[in-house]
There are 2 protein chains.
Amino acid sequence: MPQLGLLPRKAWVALLSQILRPPHAACPRAVRFHSQVAEAVLTSQLKPNQEKSNFIIKTPKGTRDLSPQQMVVREKILDTVVSCFKRHGAKGLDTPAFELKETLTEKYGEESVLIYDLKDQGGELLSLRYDLTVPFARYLAMNKVKKMKCYHVGKVWRRESPTIAQGRYREFCQCDFDIAGEFDPMIPDAECLKIMCEILSGLQLGDFLIKVNDRRIVDGMFAACGVPESKFRAICSSIDKLDKMSWKDVRHEMVTKKSLAPEVADRIGDYVQRHGGVSLVEQLFQDPRLSQNKQVLEGLGDLKLLFEYLTLFGIAEKISFDLSLARGLDYYTGVIYEAVLLQTPNQAGKDSLSMGSVAAGGRYDGLVGMFDPKGHKVPCVGLSIGVERIFSIVEQRMKVFGEKVRTTETQVFVATPQKNFLQERLKLIAELWDAGIKAELLYKNNPKLLTQLHYCENMGIPLVVIIGEQEMKEGVIKLRSVASREEVAIKREHLVGEIQKRLSDS
Amino acid sequence: MPQLGLLPRKAWVALLSQILRPPHAACPRAVRFHSQVAEAVLTSQLKPNQEKSNFIIKTPKGTRDLSPQQMVVREKILDTVVSCFKRHGAKGLDTPAFELKETLTEKYGEESVLIYDLKDQGGELLSLRYDLTVPFARYLAMNKVKKMKCYHVGKVWRRESPTIAQGRYREFCQCDFDIAGEFDPMIPDAECLKIMCEILSGLQLGDFLIKVNDRRIVDGMFAACGVPESKFRAICSSIDKLDKMSWKDVRHEMVTKKSLAPEVADRIGDYVQRHGGVSLVEQLFQDPRLSQNKQVLEGLGDLKLLFEYLTLFGIAEKISFDLSLARGLDYYTGVIYEAVLLQTPNQAGKDSLSMGSVAAGGRYDGLVGMFDPKGHKVPCVGLSIGVERIFSIVEQRMKVFGEKVRTTETQVFVATPQKNFLQERLKLIAELWDAGIKAELLYKNNPKLLTQLHYCENMGIPLVVIIGEQEMKEGVIKLRSVASREEVAIKREHLVGEIQKRLSDS
């Protein structure tokens, strides 16, 4: 494990539990505390260096290395996510880590202050990308692509200010899937929700729920309740906190901090506490206030169709139409969604509200047009998987169940019980490598047999080939199973075949 | 293809040919010219936008997006490279895109001016990483790791100045493999060379050669020839140009620009034009001048042992001991190497010298100690694969042979010849997805059958399932092979099994 080798196991587990920033969740207090402990330990560990050379060896604030153990977990997650994207016919795409500064301006509202800028060293002004959605939209506009289904995996960077960001990383990985183009309504949107279900089921994270709403319903509801248009975004961001604050507190914030008339707040309160399935859609069609609003009706009509498709996909029971879902980002224009994990038995005692969302997305029909000189629009819908949040949950579960991770894939170890057998070992291992077999040996002229066998047990290497004088004379090699300790002598020329057979059987 | 849609095919191919900066090669003049043409075309294409909104939609200078076609090629290369690293028992590692500025200082000599700094927005001063070797060494020192075999894949950034950098990208991907730890001499070093051979053979790039030398031989030779120690690095960088300049020109540069005494230059010239196998090693052991130098003798002794191991690995004939190989980076302390591609038939007419190196590396025993407060050393040896250079060669070859790339992996398309079959198509495709089958449909309520079949042909999708009224009645689905146009009716409940059977057979 990286810099935290000296941490007590409990603190280490707690630290892991917040390894990645959830797309949209508060940092639970307990975790925040452990994080401070960890930072203190870390600093004290580093002090000797600081005193000696006035230079601290560390990664920048808010970033971390991934150790080999962590890499195995992350690769497993990415593999599940990307396989699903490919199963749905997505093409790959990659964009640079930085963009022209102006590409990112006016896309993130108040969050723009969190963008990392590069130093002006002459030439263009550049910023590190803040998400993958804006670079994707820039790619479509720049190449005049009107239709594309693609996925995009990469790091993004956010200079989260300490007050809101404790426990959140400043460098984190996003996995996006997007469908761009003019199509018949709700078919791509339904596929995005299907993909979220497949990924969350595939990762075996326990039970989950996807909250769905529509930006037009949110805005229309505000209008119908009497929120002044100038306050839409501010009230939206209050509503967005309902997953971690009670309605009472949110109402208080809206009335006192955002000067919303109490009766308007109450009208909103009546709606945002409702959630349900397609029956809630039907119910709102009849609502005397909302049914007067054109935007709301459009949103409801689309949601009705969406639920029809979700039923055909067999996932309707995973979806909850939730009027409290607002989503902060400016660029959403239609359906929006957010997946949350529900409490599972081994997490009993934790507040299910604190689990946060692990995937989110929505429709953004106007973003590509912002880059087009003539404003030509390309409607888009997409989703982003919160790899880092999922990473911490998977890693936590592995700790709970005591699962061990192999950090290498080595299949065969080449050993000898005798001195002066380096030449034979090198010849033999080259033969294995050339046959595509994953093999290792110790970089010693004369290693002890016990050291070699211990290495195999520690690293989880299943097979050992042993060569010595006796074997040389008889033209054989001993093949040993590390688990059973059984050894058989195999003719040298049959060795590769026998190993391949055993590996394909297992 | 990205921004270059309007380029003539020839210019496009030429541009591709230098898509990525080789680890250590000059940019051939012809390519440089095409690159300028491309830039001019690009600028003129973008002018309309600039005039309208004063904002150019583009990627930052020296960077590019990877289109789906390019992503397929890059993934294929990365897969070959990483598989080989894993075959040799390497663990994965990841480090942040940026480091503390001081982590990178005093590591890259004159090249330090090419480091991208981040803007000072309060807090730590940061820089984008310049290679993966320094972050790896920082990781080892920070975590007090004394022994590790690992690989590291990621983007690095270099603000190449236009005069030396035309045609080189400012953002590019590196794939590193490193062995850290105290071991018996030359065993890990030989494995690094074996890995380079396996990767270059695996990628089928044509014939190649790996030049080998030792930093101690380079320095000892300079001393023995009478180069003042203060000029070692400057003369080293002149020598380094011998793969793209004649000895006459290099000598001229050393004597006139670097004020080296002509007789010293001639002494060097006598050595740096020599290359060969282990016999050259033996020959230099007898050389009256070099055999007096302790450093040279150490280097020669190690090279002799190295060649012994390379012979056991069956790769000695791919390796050339080449006294002109110097390698620019400061941190090398022992054996150094560089792989170059040799002329292949379809590249006839091109100068083989201009192909540049595609992989390089060496031993750096002092770098980790630079980060350790007590200077504790961790000897390391490693290699870096020039993915981008290889990328351009693979892509060029695909153009030459007219190879087509599939950008998706879709196995089955769900089609209908009739109107109002969306519901059935959605139910059916969900069943396929849930069975792990890669499937697509058109996002239209009522697409034409011909449109659907054309889509399959264009995208290279091998199978189509067709559902219509007749099939519904009979409880069957038609399964069509796109290539043979054969259709068979299959009972609905047997469909998934039949598709899986066909896919595993093919």
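The values are calculated or read from the model by the stated rules, or taken from the named source; none is laboratory data. Source: prediction; values computed, not measured. Reconstructed Cβ throughout: ideal geometry from the backbone, glycine too, with neighbour counts over all protein chains shown. All accessible areas refer to the heavy atoms of the entire protein, side chains included, with ligands and DNA or RNA removed. Shrake-Rupley method; radii C 1.70, N 1.55, O 1.52, S 1.80 Å.
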message = When only alpha-carbon atoms are used, what values of Rg and Dmax, in angstrom, describe segment B:211-287?
response = 12.1, 35
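When only Cα pairs under 8 Å and 6 or more residues apart are kept, what is the percent relative contact order across segment B:158-266?
For segment B:158-266, the relative contact order is 14 percent.
If you take the Cα atoms of the protein assembly as shown, find Rg, then find the Kirkwood Rh from the mean of 1/r over all pairs, what is Rg/Rh?
Ratio value, two decimals: 0.98.
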request  = Using a Förster distance of 35 angstrom, determine the FRET efficiency expected from the C-beta separation of A:GLU457 and A:ASN420, and round it to 0.05.
outcome  = 0.90
task = Enumerate the calculated ³J(HN,Hα) couplings along segment B:210-222 in order (Karplus 6.51 cos²θ - 1.76 cosθ + 1.60, θ = phi - 60°), each rounded to whole Hz, writing x wherever the residue is Gly or Pro.
result = 10, 7, 10, 8, 9, 4, 5, 5, 4, 5, x, 5, 4
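How many partner chain Cβ atoms sit within 10 Å of a residue's Cβ in peptide B:62-74, on average, as a whole number?
5
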inquiry  = Run the count for segment A:412-505, please: Lys pairs, Cα-Cα under 26 angstrom, 8 or more apart or on different chains.
reply    = 29
key: Overall dimensions of segment A:412-505 as given by Cα atoms, namely Rg and Dmax in Å   = 12.0, 34
query = Taking 0.36 nm per residue of separation and subtracting the Cα-Cα distance, what length does fully extending A:ASP184 through A:GLU403 add?
reply = 74.2 nm
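Report relative contact order for segment A:412-505 in percent, whole number only (criteria: Cα-Cα under 8 Å, sequence separation at least 6). Could you put the intermediate results ahead of the total?
Working: 128 pairs, mean separation 26.2, N = 94.
Reported as a whole number, the value is 28 percent.
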ask   = With a 1.4 Å probe, how much accessible area is buried between chains A and B, both sides summed, in Å² to the nearest hundred?
value = 8900
message = Greater than 21 Å separation of Cα atoms is the criterion. Which listed pairs, A:LYS404/B:LYS146; A:LYS76/A:LYS399; A:LYS248/A:LYS304, meet it?
response = A:LYS404/B:LYS146; A:LYS248/A:LYS304
note = Residues other than A:GLN418 with Cβ under 11 Å of its Cβ, Lys/Arg counted +1 and Asp/Glu -1, net out at 0
task = Distances from B:SER504 to the same position in the other copies: list them in nm, one decimal, shortest first, using label points 7 Å from Cα along Cα→Cβ.
result = 1.4
query = Could the peptides B:439-451, B:63-75 be put in order, highest first, of the mean number of other beta-carbon atoms found within 10 Å of their residues?
reply = B:63-75, B:439-451
request  = Amide H neighbours of B:GLY92 under 5 Å, at least 5 residues apart or on other chains, H built in the peptide plane: list them.
outcome  = B:TYR151
request  = Give, ordered by residue number, each residue of segment B:108-151 whose 1.4 Å probe accessible area is reduced by a minimum of 30 Å² on adding the remaining protein chains to the chain alone.
outcome  = B:TYR116, B:ASP117, B:LEU118, B:LYS119, B:GLN121, B:GLU124, B:LEU128, B:ARG138, B:TYR139, B:MET142, B:ASN143, B:LYS149
ask   = For segment B:165-251, what mean projected area does the convex hull of the alpha carbons give, in nm²?
value = 9.1
request  = Give a quick list of trypsin sites (Lys or Arg not before Pro) in segment A:475-506 that DSSP marks as loop, anything other than H, G, I, E or B, with at most 14 other Cβ atoms within 10 Å.
outcome  = A:ARG485
request  = Anything losing 30 Å² or more of accessible area from the isolated chain to the full protein assembly: pick those residues out of segment A:265-314, probe 1.4 Å, ligands and DNA/RNA ignored.
outcome  = A:TYR309, A:LEU312, A:PHE313
ask   = Considering only protein heavy atoms, what per residue accessible area in square angstrom results for segment A:412-505 with a 1.4 angstrom probe?
value = 50
query = Just how far, in whole angstrom, is segment A:105-140 from segment B:284-344 if you go by their alpha carbon centroids?
reply = 47
Helix-only mean residue ellipticity at 222 nm for the protein assembly as shown, each DSSP H run of n ≥ 4 adding -39500 (n - 2.57), per residue, nearest 500 = -12500 deg cm²/dmol
task = Apply the Karplus parameterisation 6.51 cos²θ - 1.76 cosθ + 1.60, with θ equal to phi minus 60°, to every residue of segment A:181-190 and state each ³J(HN,Hα) to the nearest whole Hz, in sequence, with x for glycine and proline.
result = x, 7, 9, 5, x, 6, 5, x, 4, 5
key: Calculated P(r) tail over 36 Å for chain B, as whole % of Cα pairs   = 45
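What is the sum of charges, Lys and Arg at +1 and Asp and Glu at -1, for the other residues whose Cβ falls under 12 Å from the Cβ of B:ASP207?
It works out to a net charge of 0.
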query = Heavy-atom accessible surface, probe 1.4 Å, ligands and DNA/RNA ignored: which residues of segment A:415-446 lose at least 50 Å² versus the isolated chain?
reply = A:GLN423, A:LEU426, A:TRP433, A:TYR443
ask   = Per the Kirkwood formula on distinct C-alpha pairs, the Rh of segment B:83-150 is how many angstrom?
value = 13.6
message = Probe radius 1.4 Å, ligands and nucleic acids ignored: give me the carbon and sulfur share of the accessible area of the protein assembly as shown as a rounded percent.
response = 52
Backbone HN-Hα couplings from phi across segment A:416-432 [Karplus 6.51/-1.76/1.60, Hz, Gly and Pro as x] = 9, x, 10, 6, 6, 10, 4, 4, 5, 4, 5, 4, 5, 5, 4, 4, 5
remark   = Here segment A:257-406 gives, from Cα atoms, an Rg and Dmax in Å of 19.3, 61
